[in-house]
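Single-structure report; data block below.
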Amino acid sequence: MITDAVRERISSLVAKHPVVLFMKGTRRGPQCGFSAQVVAILDELLPDYETVDVLSSAELRDGIKEFSQWPTIPQLFVKGQFVGGCDIVRALQESGELGELLGRPGAPPALPTIAITQAAVAAFKAALVDAEGEVLHLKIDAHFQNDLYFAPREAGTVELEVAGLALFLDAASARRADGMSIDFVDGANAGFKIDNPNQPATVKQLSPSELKTMLDRRAVELFDVRPAHERALASIAVARSLDEAGQAYLFSLDRNAPVAFICHHGMRSQSAAEQVLGDGFRNVYNLRGGIHAWSETVDPSVPRY
């Protein structure tokens, strides 16, 4: 049975956030296919919404099912009301009702502001000579991966003119593109260089030597996500355990503070780092290869297990 504390937590989340998705994993790292599908659908319609990882707590995972009287995860709430799971969200998307429900009817999106350098314009125009009537498209997916390509104009795209160049974007890409810049770099590694300030922060991978340099400069806070029995086998002295006290310290830090995570081989720490990103931290690192790699390349006195 759901406890009063869990019920109050769920009620508070649903009341506080206009759109909240209870899912397995995080928006940037879904841990099941159904959660990933709903995230992909919402990402096409909304620039921002709240997600709650039910895998973080067995009480929460069971409690949300009792709260909504719905047996599966993910679960979407909009304006305080339960909408449904993956199948219902997908059906609402296909019918066009989901956009209306989210307050995003199918009106044309606002045109973004994009800066394109003269070098990039020249490269695009040179390629257009052989495009045989096709137009230049820019697509930015939910993971902010960019695709520039020539094709016949696609339905639902908007036209943006920059420096005499016509660029076509779908609605979701237009929302993600505002403020971005496109340059063309010549030389041995010629290609387009794209900078998008809207791209969310990602977990940065550190080699053991890079982490040592940052630790020597006291430029990062290091957290060890392993349980006590593993830390007793091998550890880095300056690493804080991510136990209750460690979590309290972590969340007392400014969200711009550089924080790094380690485990045995780098997988558990990657998961922890992704969750911390979801909590608003912006400079998050993971030790690639974990403490095993640290022992191999930085400090052989650290035992390997």
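The values are calculated or read from the model by the stated rules, or taken from the named source; none is laboratory data. This one's a predicted model, so the numbers in the text were calculated from it and none came from an experiment. Cβ: placed from backbone, ideal geometry, glycine included. Neighbour counts: every protein chain shown.
Being in a strand (DSSP E or B) and free of Cβ contacts under 8 Å to residues at least 60 places away in the same chain is the filter here, so list the residues in the range 192-212 that pass it. Listed by number, the residues that qualify are LYS193, ILE194, ASP195. Note on the range 142-153: residues that are within 19 Å of ALA127 (Cα to Cα) and out of contact with any Lys or Arg (no Cβ under 6 Å at 6 or more places or on another chain) total 7. Give me the residue from the range 136-164 that is touching a residue at least 12 places away in the same chain (Cβ under 8 Å) and among the polar types (S, T, N, Q) and, out of that set, surrounded by the most Cβ atoms within 10 Å (Cβ to Cβ). So, considering only residues that are touching a residue at least 12 places away in the same chain (Cβ under 8 Å) and among the polar types (S, T, N, Q), the one surrounded by the most Cβ atoms within 10 Å (Cβ to Cβ) is THR157. Could you please let me know if GLY289 is in contact with a His (Cβ under 8 Å, 6 or more places away or on another chain), over 15 Å from THR202 (Cα atoms) and in contact (Cβ under 8 Å) with a residue 12 or more places away in the chain? Answer is yes for this residue.
For beta carbons closer than 9 Å, sequence separation of 6+ or different chains, a first residue in the range 166-179 that is touching a residue at least 12 places away in the same chain (Cβ under 8 Å) and over 23 Å from GLY133 (Cβ atoms) and a second that is surrounded by fewer than 21 Cβ atoms within 10 Å (Cβ to Cβ) and of a type in the set (Phe, Trp, Tyr), the qualifying pairs are ARG176/PHE144. Checking each residue of the range 29-36 against the condition of being surrounded by fewer than 17 Cβ atoms within 10 Å (Cβ to Cβ) and over 22 Å from ALA201 (Cβ atoms) gives at least one match.
Selection of the range 243-286 for residues being without any contact (Cβ under 8 Å) to a residue 60 or more places away in the chain, of a type in the set (Phe, Trp, Tyr), out of contact with any Ser or Thr (no Cβ under 7 Å at 6 or more places or on another chain) and under 25 Å from LYS24 (Cβ atoms) yields only PHE251.
Would you point out the residue of the range 126-157, among those that are of a type in the set (D, E, K, R) and in a strand (DSSP E or B), that is farthest from VAL185 (Cα to Cα)? If we take residues in the range 126-157 being of a type in the set (D, E, K, R) and in a strand (DSSP E or B), then LYS139 is farthest from VAL185 (Cα to Cα).
Of the residues that make up the range 182-202, is at least one surrounded by 15 or more Cβ atoms within 10 Å (Cβ to Cβ), modelled with pLDDT of 90 or more and either of a type in the set (Lys, Arg) or touching a Cys at 6+ places or on another chain (Cβ under 6 Å) (or both)? No: the range 182-202 contains no residue that is surrounded by 15 or more Cβ atoms within 10 Å (Cβ to Cβ), modelled with pLDDT of 90 or more and either of a type in the set (Lys, Arg) or touching a Cys at 6+ places or on another chain (Cβ under 6 Å) (or both). Based on this model, can you work out whether GLY133 counts as surrounded by fewer than 13 Cβ atoms within 10 Å (Cβ to Cβ) and more than 28 Å from the chain's Cα centre (by Cα)? For GLY133, the condition - surrounded by fewer than 13 Cβ atoms within 10 Å (Cβ to Cβ) and more than 28 Å from the chain's Cα centre (by Cα) - is met.
For the range 222-242, what are the residues that are touching a residue at least 12 places away in the same chain (Cβ under 8 Å), of a type outside the set (Val, Ile, Thr) and farther than 11 Å from VAL276 by Cβ? Within the range 222-242, LEU222, ASP224, ARG226, ALA228, GLU230, LEU233, ALA234, SER235, ALA239, ARG240, SER241 qualify.
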